[in-house]
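Visitor: Structure incoming, see below.
The values are calculated or read from the model by the stated rules, or taken from the named source; none is laboratory data. These figures come from a predicted structure and were not determined experimentally. When we count neighbours, we look across all protein chains shown, and the Cβ atoms used for this are built from the backbone with ideal geometry, even at glycine. Accessible surface is based on the protein model in full, side chains and every heavy atom, while ligands, DNA and RNA are left aside. Shrake-Rupley method; radii C 1.70, N 1.55, O 1.52, S 1.80 Å.
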Amino acid sequence: CPAPSSLRTPNGTRICAQLYSDNSPYYDQCCAGEVLVVDPGDDVPYMPHGWAARISSLVVGTRCDLTVWSRSGKKGKSRRFGA
């Protein structure tokens, strides 16, 4: 997985989080598959089509927090992730 401080676009813009579709019990094989990028300030109450219940691993950048909910529309239990 990338280091939280290295989350940047190719042009150098900061990324707050990257969510991955594939995971593995072996650390060197985690953070694989398709990637969903979360930019600073994004507020997404519903997962993009095809991503619900699919995320297996994530990396949150430095100086960012990612809050997720168990149900769509920001309902249910929440959990907060940081770098």
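Visitor: On alpha-carbon atoms, Rg over Rh for the chain using Kirkwood Rh?
Guide: Using only Cα positions, Rg/Rh for the chain is 0.95.
Visitor: Which one of Met47, Ser6, Leu58 is farthest out on the positive end of the charge dipole of the chain, using unit charges on Cβ (Lys, Arg +1; Asp, Glu -1) and the Cα centre as origin?
Guide: So the residue furthest toward the plus end is Met47.
Visitor: While we're here: Out of Pro25, Pro40, Pro48, any idea which swings most in a Gaussian network model of the chain, alpha carbons joined below 10 Å?
Guide: Highest fluctuation among the options: Pro25.
Visitor: Let me ask something additional. Residue-wise, which Karplus ³J(HN,Hα) couplings in Hz belong to the range 52-62, taking 6.51 cos²θ - 1.76 cosθ + 1.60, θ = phi - 60°, and x for glycine or proline?
Guide: 4, 6, 10, 6, 10, 8, 8, 10, 10, x, 5
Visitor: With the chain treated as a Gaussian network of Cα nodes joined by springs under 10 Å, which of Asp42, Asp22, Asp65 yields the largest mean-square fluctuation?
Guide: Ranking Asp42, Asp22, Asp65 by mean-square fluctuation puts Asp42 first.
Visitor: While we're on this one: Subtracting the Cα-Cα distance from 0.36 nm times the residue separation, let me have the gained length for Ala3 to Ser78 in nm, one decimal.
Guide: 24.6 nm
Visitor: If you average the alpha carbon positions of the range 64-83 and of the range 25-43, how far apart do those two centres end up, in angstrom?
Guide: 15 Å
Visitor: Could I ask something else about it? Work out the length of the dipole vector of the range 17-82 about its Cα centre, built from +1 on the beta-carbon of each Lys and Arg and -1 on the beta-carbon of each Asp and Glu, and round it to the nearest 20 debye.
Guide: The calculation lands at about 460 debye.
Visitor: Hey, any idea what % of the chain's accessible area is carbon plus sulfur with a 1.4 Å probe?
Guide: Answer for the chain: carbon and sulfur cover 49 percent of the accessible area.
Visitor: For Ile15, which sequence-distant residues (separation of 5 or more, or a different chain) have an amide H within less than 5 Å of its own amide H, given hydrogens modelled in the peptide plane?
Guide: Amide H to amide H, under 5 Å and 5 or more residues apart or across chains, Ile15 pairs with Arg8, Thr9.
Visitor: While we're on this one: Skipping prolines and chain starts, which residues have an amide H placed within reach, meaning under 5 Å, of the one on Cys31, given they are 5 or more residues away or on another chain?
Guide: Ser24
Visitor: At 1.4 Å probe size, with every protein chain present, just tell me what the per residue accessible area of the chain comes to in Å².
Guide: Values: 5800 Å² over 83 residues.
Using a 1.4 Å probe on heavy atoms only, each residue of the chain averages 70 Å².
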